[in-house]
Each structure stands twice: as C-alpha cells, then as structure tokens.
Amino acid sequence: MLGAPSVWHNLKIAQISRSGAQGSWSDKIRFMPKIELTRDANAYRITLTDPPLHILDIALLEELRDVLATVEPDRHCLILDAQGEKAFSAGASVHDHLGDRVATMLERFHDCIRVLARRDLVTVALVRGAALGGGCEVSLHAARIHAAAEAYMRGVERRIVAGLDPKVDSVASIFVSRWDAAVSGKVPGELNNKLGIAIAMRTYKAARDLLSSSRWHRIYNAGAFPQRLLWASTGTKDPTASDVLYVKSLAAPFTVNTMPEATLKALASHDELGSILPADGGNSEEVLSQFAKAGIDIKALAAQLQDEGAKSFVKSWKDLMSVLESKAGGLERVAS
C-alpha cells in the first residue's frame, strides 16, 4: 500500500448509513456466477456470491476484474460486500496456487488490485467474518489505507463480540523511497527526497487521528493491539542523501521500520535520531502542494507505483517458483 488518501480520517459517504448499505438495492446491473453488481442513487455495490468462503480462484478473480472495469465515478462510493456471515473471503484457491496455474492466478489477482487502485471512487469493504490471505488484501485495498484500518477494526470488533481473543497483530505498509525515486530528476532540486516523507507524514496524521478516536479506545479497553504503520523501502536510493534519511525522518510511536541491513548498520553509527514524526502531519500538505505545482500528479503516481509494485511481486513469486521447481527436479534425479 502506497499512502493514505485524505478520506482516511474524514470518510464521508453521502446518505449511506449502515442500514442503507445493507438495505434494498433494486437497480441490478450485472449478474455473474460468483459476483453481483448493483447500485442505488448513491453507491455501487459488488457482492461476492459464492458462500460460505468466497474462495478467490481464477474464475472469481476474472469476474471481479471485469465487474470493477464497468464501475463509473458517477456515485459517491463503491461498496465491496460478500454474502453470509462466515467469511468476506477465506483467501486464494489452493488449487490455483499450484503448478502452471499460479502465474495466471497471481496476475488476475493483481489485475483486480490495480483496477481498485485506479478507481476514482471511495471504496469501502463491508467485512463480516474472516478476511484471510488474498481476501484480506482485497478488503485492505478499499480506499487503500483507510480500509486497511477499517477492515482491521471491524475484524477485531467481531472477535470481541464472539468472545475471541482481540489481540491480533496488524500493519499497514507504505513503501517510502519509491515515491522519491519515481520523481527523481522531474522536480526542482529543493524537492529532492521529500515526497516519500511528505506522503508518510500525511499518512501518519491520519493514523494518529484514527487511533485517538472513541471507537479505537473501546477496542483498546477490550485488550486489542493498535494497528501499526509499517515503513517499507527505507533504504536511501540517492547517494547524495543521508544513509539514514528514512529512519530519522520517520521515527514515531505506533510504527515499524523494516530497514535493509546496510541502513541498519549505518544507523548504529549515529548517536541520536532527533525529533519524532509530528502527529499533526507537520508541513506535509505544504510540501505536497509544492509537488503539485511542479507538475506531479500524486494520485496518478500512486496508481503507477501500485501497478509497478504488483508486477514486482508477481515476478518475485515466479522467480521463487522457478527456483523451487529446479531444486525439486534435482532432488528427484538424486532419488532416482
């Protein structure tokens, strides 16, 4: 996930209450074997219709991709829902994770994530029951980080109601340095290496606003853990910048920094981190406005980075499968 849009801490869905989201949707647009698309005056609603687990196999993912492509930005929001109470989705199909099917399955999955990321529409996941593996990722990409927090809170609240242990670890990841690498050489020198940190600061403000809400306090009182922001891609790419740029700038409570080994070793040579990240977002909006004036479309760049990230993960998975197949073939030859 690449960064939180402004809707995270101020989500407004005009005239859509909880009862309205679950009420009558008479304008039925499209039916497929595993998905239903409906709409009313305010929202589109995509419902998974393969209960009880709504397994994400290739067929369902292709249907979801095709349905998402038909959604227009002429409503207030897009709601992702699933029939039944047992699971929003229990994750990807084990069968489609095997052999020559896995590459197609992963590509279809990331097709859906890319389409979700590009929709110019607030997206909300109504998570009831389990949201595991790929099913969790689909729900988390609803309006990106906002839905990551919403899906996590909803899941914890349902565990509390069911009398289950609410202590469930969760992170929402932001790949920081990729933002700066993407605009390198395209902005004035004074803006170099500032976009990723500004995006992180905006996201952190949204996270802290949510963590201080009365809803979160009720979850804390039940013994739940806060969802943490995870700063990923925090190795400095610019050789002229500090080797701990994304460590010092992003030090903050309720966060995790997954430093590469070289950055971790560099940090050991520094005596202090300095000030922590401001909970109010600091000057992030001012900095982001400077990038806008320099011709950088933040929203379009987010979609681009999401697309590139998805392709990178698919390539890594294929490379891993290739290595495993090679090793397995060697073991078979030795055994024979």
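The values are calculated or read from the model by the stated rules, or taken from the named source; none is laboratory data. Source: prediction; values computed, not measured. FYI the Cβ positions are ideal-geometry reconstructions off the backbone, even for glycines, and counts take in every protein chain you see.
Miscellaneous remarks
- For the stretch 73-87, residues that are touching a residue at least 24 places away in the same chain (Cβ under 8 Å) and in a loop (DSSP other than H, G, I, E, B) total 7.
Rundown of residues vs (1) over 20 Å from the mean Cα position of the chain (by Cα); (2) surrounded by fewer than 15 Cβ atoms within 10 Å (Cβ to Cβ), yes/no style:
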site: Y220; (1), (2): yes, yes
site: W231; (1), (2): no, no
site: K237; (1), (2): yes, no
site: I276; (1), (2): yes, yes
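- All positions within the stretch 79-112 that are modelled with pLDDT of 75 or more, more than 23 Å from E308 (Cβ to Cβ), among the aliphatic types (A, V, I, L, M) and in contact with a helix residue (DSSP H, G or I) (Cβ under 8 Å, 6 or more places away or on another chain): I79, L80
- Matching residues in the stretch 242-269 - criterion: being among the aromatic types (F, W, Y) and without any contact (Cβ under 8 Å) to a residue 60 or more places away in the chain: F254
- Residue that is modelled with the lowest pLDDT [pool: residues in the stretch 27-68 that are in contact with a Cys (Cβ under 8 Å, 6 or more places away or on another chain) and either hydroxyl-bearing (S, T, Y) or part of a strand (DSSP E or B) (or both)]: A43
- Here is the figure for the stretch 289-332: residues that are within 21 Å of the chain's Cα centre (by Cα) and either of a type outside the set (V, I, T) or in a loop (DSSP other than H, G, I, E, B) (or both) total 19.
- Scanning the stretch 142-168 for residues that are of a type outside the set (D, E, K, R) and at pLDDT 85 or above yields a total of 7.
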